[in-house]
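For reference, the structure is listed below as structure tokens.
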Amino acid sequence: MNQSPDQGTRPQIIVLDTGGQYCHLITRKIRELGVYSEIRPSETPASELAGVLGIVISGGPASVYESGSPQVDPAIFDLPCAVLGICYGQQLIAWHLGGTVSPGKKGEYGMAHLDLESSAALFQGATGRQQVWMSHRDTVTAAPAGFDVYGATETCAIASMGSAARRIYGVQFHPEVVHTERGRQILSNFLFGVCGCETDWSPREQTSRIEEEIRQRVGDRNVFFFVSGGVDSTVAFTLCLRALGPERVRALYVDTGLMRDSETPFVQGVFESLGKGIFAVEYAEERFVGALAGVREPEKKRHIIGEKFVEVQEQILASGQFLEGNWILGQGTIYPDTIESGGTAKADLIKTHHNRVSGIQKLLAEGRIVEPLHLLYKDEVREVGRELNLPEELLSRHPFPGPGLAIRCLCEDEVRPVEPLDAGWLAPLHSVGVQGDSRTYRPVLLLEESPASPGVHLKATEMINRLAGINRVAAVTGTHTPVAELKTSAAYITTERLDRLRAADSIVRSLCLSSGFEHKVWQFPVIIVPLGAGDRPDSIVLRPIDSVDGMTAQSVAMPQALLDEMTSALLALPGICTVLYDLTHKPPGTIEWE
Ligand code: XMP
């Protein structure tokens, strides 16, 4: 991003990224404890780390003894700072300092019981038998000379080790994961007891520093944003507006026609309350919805939407309307999406393509991009938004996917009836799931029982494990036609179906808001599926879930009275035949149906 961190944010702790999914989680947890921390590639030379108070080596999927696996500069162990190795990080410490690492006989994944005895500062108030989260196959089988072994689980004899004299510690378990009972205490001990950090970080206190950084980077130029109506681009824009004034910032919002009901007026309202004449809408519904005609395959739909975004953005950039002369581009890119932070390759692919189309790459190379949130995590962006007095309705919104309602509008090519099974009905509606490490695209099992009945989620999981051909189970909460008579139809993305989905989504959202259920769930996708009968060809799926980060999710039960009210309101909509309730956790289902 060519935006070096401002001197006001010198990290006390550096997390070395060894390629795992956990390094952002570690950094976030450290910042939550009030200590500013950043990520660097694992091979960063020790000379570049001089001055930090502590180094954390993260977990990662590789094996230390394989060639090409992520390494650290061994000189970091001679720096005057403390070191904590987590999982693969502990194995790297052992490997470099003369211990032994071996492939485990069987892996250890999930919850485990740790017995921990130690008087080391790292474990003050955190000793004894406790629950920890494990995710590893390799283990340290001999600690380096001079190291003590502090703890073991049933399958892992060296679950923690360290040298208090050298202030180098390792843990095989993950203190950054919520399932590790005393993880927060251990991280806090590392920061304040071992490293001697002081609290220096509160996102709400960052606004004036960020505004100063914007003024320095932008100079006498002006800033133009493509905004999505999401939290990140709105907060980034508002910071620029405050830093530069209303004459020097403009926002453009692309209405793809794939938005929820009233979304465009909502976004318009938010921006108009920020200032007059700073916001414009590019209406592009025909281009997006037109390009999706007759397309069933989820991946193809995503691809088409990605291409259209690129096309529209590049046209606007090429028109010279904003970027001639003195304009540069502002973006709401956040820390996990920056290349410097080692954001995972996959996450980059999904999330950064809009931020990294070729026209934008060119601007990046020319230093004509400003990304005010490039050091912040999502929750921190929300905090900054609160400091800026942005409406809570915007800041606490559920996440909404970039491709919009297109991935909540299920398509099928064929007319096919549901089939009876001894446990329920097999509906030939294909949705995306994730089993093992692979993506699935399979039919759904329908059950005619209440989604609130005891054990129903457990039963759903058992059914998916037992019936190899399905990846989802949904309960029927109300129908105009007996389930036995339902059929799929050949249906694609059309304005008519999108309008039907918007009407359903809007009913669900207003009932959720008025009942308070909105804030009891992490996300609540509403999906339209081509299953019905006669003049009611579609059905609606309710998918309330709980999650921390969207990587895994649990289907959540809803109060019966609310469900009954929602079901009857949805069945009153024209074209809607049945209401379904998705009982599937992720994995094996995904959150979206696609
Ligand atoms: P899945 O369906 O994979 O979704 O379980 C996980 C989370 O990611 C969101 N999602 C997206 N967000 N662009 C986004 O910004 C996308 O292309 C995208 N696809 C899925 C989804 O809503 C859920 O919160």
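The values are calculated or read from the model by the stated rules, or taken from the named source; none is laboratory data. Note that this is a predicted model, so its numbers are computed, not measured. Note that each Cβ is placed from the backbone with ideal geometry, even for glycine, and that neighbours are counted across all protein chains shown. Calculation scope for accessible area: heavy atoms of the full protein, side chains included, ligands and nucleic acids excluded. Shrake-Rupley method; radii C 1.70, N 1.55, O 1.52, S 1.80 Å.
Of note:
- Residue among 428, 454 that is away from the ligand (no atom under 16 Å from the Cβ), over 28 Å from the mean Cα position of the chain (by Cα), over 21 Å from residue 558 (Cα atoms) and in the same structural domain as residue 559 (by TED's automatic domain parsing): 428
- Among the numbered conditions (1) open to solvent by 20 Å² or more (accessible area, probe 1.4 Å); (2) in contact with a Cys (Cβ under 8 Å, 6 or more places away or on another chain), the only one that residue 413 does not meet is (2).
- Any hit, region 571-590, residues being among the aliphatic types (A, V, I, L, M) and within 16 Å of the ligand (Cβ to nearest atom): yes
- Enumeration of residues in region 404-428 that are in a loop (DSSP other than H, G, I, E, B), among the hydrophobic types (A, V, I, L, M, F, W, C) and over 30 Å from residue 263 (Cα atoms): 415, 418, 421, 423
- Criterion (within 16 Å of residue 180 (Cα to Cα), touching a Gly at 6+ places or on another chain (Cβ under 9 Å) and either surrounded by 19 or more Cβ atoms within 10 Å (Cβ to Cβ) or touching a residue at least 40 places away in the same chain (Cβ under 8 Å) (or both)) met by exactly one of 26, 39: 26
- Residues of region 449-503 satisfying the condition of being among the small types (Gly, Ala, Ser) and assigned to a strand (DSSP E or B): 474, 475, 478, 491
- Pick from region 544-555, criterion surrounded by 20 or more Cβ atoms within 10 Å (Cβ to Cβ) and not hydroxyl-bearing (Ser, Thr, Tyr), ranking: farthest from the ligand (Cβ to nearest atom): 544
- Some residue of region 337-360 being more than 29 Å from residue 262 (Cβ to Cβ), assigned to a helix (DSSP H, G or I), assigned by TED's automatic domain parsing to the domain that holds residue 240 and at pLDDT 80 or above: no
- Matching residues in region 20-75 - criterion: being charged (D, E, K, R) and part of a loop (DSSP other than H, G, I, E, B): 43, 66, 73
- Residue 558 being part of a loop (DSSP other than H, G, I, E, B), assigned by TED's automatic domain parsing to the domain that holds residue 575 and within 16 Å of the ligand (Cβ to nearest atom): no
- Within region 363-390, restricting attention to residues that are in contact with a Gly (Cβ under 9 Å, 6 or more places away or on another chain) and outside any helix (DSSP H, G or I), the residue that is surrounded by the most Cβ atoms within 10 Å (Cβ to Cβ) is 372.
- Meets criteria (closer than 27 Å to residue 62 by Cα and either hydroxyl-bearing (Ser, Thr, Tyr) or surrounded by 20 or more Cβ atoms within 10 Å (Cβ to Cβ) (or both)) for residue 127: no
- Condition check for residue 113: under 18 Å from residue 46 (Cα atoms), open to solvent by 30 Å² or more (accessible area, probe 1.4 Å) and at pLDDT 95 or above: no
- Breaking point among (1) open to solvent by 30 Å² or more (accessible area, probe 1.4 Å); (2) in contact (Cβ under 8 Å) with a residue 12 or more places away in the chain; (3) over 30 Å from residue 552 (Cβ atoms); (4) not aliphatic (A, V, I, L, M), for residue 219: (2)
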